[in-house]
Structures are given as C-alpha cells and as structure tokens.
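These notes concern the structure reproduced below.
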Ligand code: SF4
C-alpha cells in the first residue's frame with residue numbers, strides 16, 4: 001500500500017519503519033540521535049541528490065533518491081542512505 005506524502009508515493013512499510021520514527025525523534029530530541037543526525041546532515045547537504053521542493057525552507061529538503069524528507073530521515077535510526085553515503 002502506498003501513502004502520498006508531499007506528493008511522493010511512499011510505501012506504508014517505509015512510513016511505519018522509517019519516517020514516523022524520524023518524526024518522533026524530530027519532535028522529541030534525544031542527544032544521541034541528534035549527534036548521529038548532525039553527522040548525516042553534513043553529508044546530505046553536500047550531496048547532489050538533495051532536492052528542494054516548495055513548502056518551507058525548514059521542511060523543504062528531500063532526498064531525490066528515496067523521496068524522504070531529509071530532516072526526518074537523518075533522525076530515523078533505522079534509515080540508511082540509499083547511496084551508501086551514511
Ligand atoms: S540520504 Fe544519501 S542520497 Fe539522499 S540526500 Fe542524503 S546523502 Fe544524498
């Protein structure tokens with residue numbers, strides 16, 4: 001089953017396993033998660049696959065390979081970079 005988020009088709013499994021935990025960690029900060037997210041973000045901001053879409057500057061970045069919102073993906077501890085950058 002696909003779910004439409006930010007005009008992207010995302011599987012329900014991916015939503016449950018990766019995106020929702022990432023949102024939880026975005027809202028409820030854990031210092032260990034934030035340390036990992038900071039290192040991941042350094043790689044994402046340099047990545048050619050980081051795309052922007054019209055929403056807001058804060059939420060407007062997504063990975064064009066997997067379609068995930070990057071600020072959420074980097075906080076999902078079970079997520080992996082689809083290009084093996086982290
Ligand atoms: S998750 Fe990987 S491929 Fe996607 S923007 Fe970040 S570094 Fe690039």
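The values are calculated or read from the model by the stated rules, or taken from the named source; none is laboratory data. Remember, it's a predicted structure, so these values are computed and weren't measured experimentally. When we count neighbours, we look across all protein chains shown, and the Cβ atoms used for this are built from the backbone with ideal geometry, even at glycine.
Considering the stretch 65-82 alone, what residues qualify as being in contact with a strand residue (DSSP E or B) (Cβ under 9 Å, 6 or more places away or on another chain), in a loop (DSSP other than H, G, I, E, B) and under 14 Å from residue 45 (Cβ atoms)?
The answer is 81, and nothing else.
Pairs under 8 Å by beta carbon, first residue under 15 Å from residue 69 (Cα atoms) and without any contact (Cβ under 8 Å) to a residue 40 or more places away in the chain in the stretch 33-54, partner assigned to a loop (DSSP other than H, G, I, E, B) and more than 8 Å from the ligand (Cβ to nearest atom), six or more apart or different chains?
The qualifying pairs are 37/75; 52/60; 54/60.
Among the numbered conditions (1) surrounded by 11 or more Cβ atoms within 10 Å (Cβ to Cβ); (2) modelled with pLDDT of 80 or more; (3) assigned to a loop (DSSP other than H, G, I, E, B), tell me where residue 55 comes up short.
Exception for residue 55: condition (2).
In the stretch 1-35, how many are modelled with pLDDT of 90 or more and in contact with a strand residue (DSSP E or B) (Cβ under 7 Å, 6 or more places away or on another chain)?
0
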